[in-house]
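Visitor: Take this structure, written in structure tokens, and hold onto it; I'll ask about it next.
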Amino acid sequence: MIELSGAAVRLGGKRVFSDVELHVGAGALVAVLGPNGAGKSTLMRVILGLVRLEAGSVTVLGRSPAQARGEIGYLPQRHGFDSSTRLRGVDLVRLGLDGARWGIPVALTKAARKRHRAEAQQVEDAITLAGAQAYAHRPIGELSGGEQQRLLIAQALVREPKLLILDEPLDSLDLPNQAAVTALLRRICTAQRVSVLLVAHDVNPLLPYLDQVIYMAGGQARTGPAAEVITSATLSELYGAPIEVLQTQDGRLVVVGQPEAPHHHGHRHELVT
Amino acid sequence: MTPTLSPNPITDLNALFTFPFMVNALEAGTIVAVLAAVVGWYMVLRRQSFAGHTLSVMAFPGAAGAALIGLPSTLGYYLACGGAALLMRSRRWSIRSRSGSQTETVTIATVQTLGLAAGFLFLSLNNAVLGGTETLLFGTFLGVSRGQVLALLIVALVVLALIALAARPLLLETIDPEAARARGLPVALLDAGFLLLLAAAVAATSQITGALLVFALLVAPAAAAQQVTMRPALGLVLSVVFALAIVWLGLGIAYFSIYPVGFYVTSIAFAVYLAARLARTVKRAR
């Protein structure tokens, strides 16, 4: 689904990362981890074709990222909709289907009306798949973070993408919602054969579901199963400084001695990675 | 001379259409109501009401300045609003109010006051009472010419056609700019384009309602519609219905009254908005 080799990006004269290798297969759930400023969001933007590589190559679904864009569902990082946003969840999901379509949005011909009805069904199916039926007709601004997140996932799913990219989908969710959204993503991966790539701050709620992780730090990246990548040896090598990975009794991973890259939202960065 | 109401409503209705100035006013009012209601619906959803207000205030010095140097004041409206839109865009003042910083708000407020003062100066320099301060600020429903009606119609058709073609991408860009960018939409073009269409709508509307009462048609119908429904299509239709009701009622009442039409239009607009808010509060309480 995604192939990166020798990928390097330079933004504003500054090298963000280089020599990134990545292979993501169909139906895989992959987490992108690392400190702030390590280039996680930039890597997502490369796969979406919004940032050009300085060196190396990237193919998505066997094509260039720009060509594959129609088959990628994307959830940008966000901080929730304004509470006064007067739009329903279903309208938001519907925009996932026709939001990029130009032309007069009135179904005049018989064929257009038929298509309109078929699309309404597609919207409903996506909402059901995301488990958001109960509140899909309420204003999005009044919904909780978890509910908004499910509707956004439905919006990304409605075009039946082969690849789903989510930038910090668990950020600003409480623990039960983090677990529920992760389980939902896993279900989508398995049932719909959609590959999911998500940027995360904390790997722990994801651990039971992950196929692979990409750990980005110090301008490099390591890819592989979580148990092989999140180790003292690998992370020490990435950061170029001694790092210790500890495992708590309940299986959580704790990274100790992580040198902080300069970051902007310090409120969410603890020792847990 | 003020016409008086007769006991027969049909006679009264016919009286409205006897004078050409009244027919022109009704036509111009109808065109502007539809235009302002549609553009206003997007403006309110985009939280760009403050930007719209700024544009409308700049219409006043534009029209006054154009009259001073001997250009048609209609041209002045469009040039001033268009220019202000481009300036706001280049200074990034169009940024929606939620992310707008305090400095931006202060800058816009200062520029607005300066615009009003400049308009006043232009009128004093001109001396001729072409329209006059009152007309430019509070509107002239009853002094609209055939040519103006035609110009309004052309502007309205162009703006509405462009909005219709970009209806869905503009909605997505309004709700979620980042997602719109990821879908390959020209976000910057949509943003700048909408501001220019807003400028055209404001320029057209302020010729009828005056620079200060633009909001009666640009904000109130759209805001009321969004209180009543969250469906985009229904909301747009309702916004147009409200705006038409406001204009027709306002013009009709003003015809039989000695008080200015702007007062009636604005009061009815306010009443419509208030009613919509109340309706929503009642619905939620239940």
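Read-outs: derived from the displayed coordinates by stated rules, not from any lab. Since the model is a prediction, treat every value here as computed from it, not as a measurement. Cβ sites come from the backbone with ideal geometry, for glycine too, and all protein chains shown count toward neighbours.
Visitor: Can you name the condition, by its number, that A:K110 falls short on among (1) of a type outside the set (A, V, I, L, M, F, W, C); (2) within 12 Å of chain B (Cβ to nearest Cβ); (3) loosely packed, with under 13 Cβ neighbours inside 10 Å?
Guide: (2)
Visitor: Among B:T4, B:T18, B:T11, which is outside any helix (DSSP H, G or I), farther than 20 Å from B:A156 by Cα and either free of Cβ contacts under 8 Å to residues at least 12 places away in the same chain or touching a strand residue (DSSP E or B) at 6+ places or on another chain (Cβ under 7 Å) (or both)?
Guide: Matching residue, one of B:T4, B:T18, B:T11: B:T18.
Visitor: Further question: Of the residues that sit in segment B:150-184 and are among the charged types (D, E, K, R) and either in a helix (DSSP H, G or I) or under 24 Å from the mean Cα position of the chain (by Cα) (or both), which one is nearest to the other protein chains (Cβ to nearest Cβ)?
Guide: Among those residues, the one meeting the criterion is B:E178.
Visitor: In addition: Looking at segment A:128-139, which of its residues are within 14 Å of another protein chain (Cβ to nearest Cβ) and either in contact (Cβ under 8 Å) with a residue 60 or more places away in the chain or assigned to a loop (DSSP other than H, G, I, E, B) (or both)?
Guide: Residues satisfying the conditions are A:A136, A:H137, A:R138.
Yes or no, residue by residue, for (1) outside any helix (DSSP H, G or I); (2) out of contact with any Pro (no Cβ under 8 Å at 6 or more places or on another chain); (3) surrounded by fewer than 22 Cβ atoms within 10 Å (Cβ to Cβ); (4) hydrophobic (A, V, I, L, M, F, W, C):
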site: A:G103; (1), (2), (3), (4): yes, yes, yes, no
site: A:Q122; (1), (2), (3), (4): no, yes, yes, no
site: A:A126; (1), (2), (3), (4): no, yes, no, yes
site: A:G141; (1), (2), (3), (4): no, yes, yes, no
site: A:R150; (1), (2), (3), (4): no, yes, no, no
site: A:R159; (1), (2), (3), (4): yes, yes, yes, no
site: A:L164; (1), (2), (3), (4): yes, yes, no, yes
site: A:A180; (1), (2), (3), (4): no, yes, yes, yes
site: A:R186; (1), (2), (3), (4): no, yes, yes, no
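Visitor: In this structure, is A:L151 over 23 Å from the mean Cα position of the chain (by Cα), farther than 23 Å from A:L50 by Cα and within 13 Å of another protein chain (Cβ to nearest Cβ)?
Guide: The answer is no for A:L151.
Visitor: Is it fair to say B:A63 is assigned to a helix (DSSP H, G or I), closer than 17 Å to B:V247 by Cβ and among the aliphatic types (A, V, I, L, M)?
Guide: Against the criterion (assigned to a helix (DSSP H, G or I), closer than 17 Å to B:V247 by Cβ and among the aliphatic types (A, V, I, L, M)), B:A63 does not qualify.
Visitor: So, A:G56, is that one within 30 Å of A:S5 (Cβ to Cβ) and either surrounded by fewer than 16 Cβ atoms within 10 Å (Cβ to Cβ) or without any contact (Cβ under 8 Å) to a residue 60 or more places away in the chain (or both) or not?
Guide: Against the criterion (within 30 Å of A:S5 (Cβ to Cβ) and either surrounded by fewer than 16 Cβ atoms within 10 Å (Cβ to Cβ) or without any contact (Cβ under 8 Å) to a residue 60 or more places away in the chain (or both)), A:G56 qualifies.
Visitor: Every residue in segment B:185-244 that is in a loop (DSSP other than H, G, I, E, B) and more than 11 Å from chain A (Cβ to nearest Cβ), please.
Guide: B:G210, B:A211, B:L212, B:L213, B:V214, B:V219
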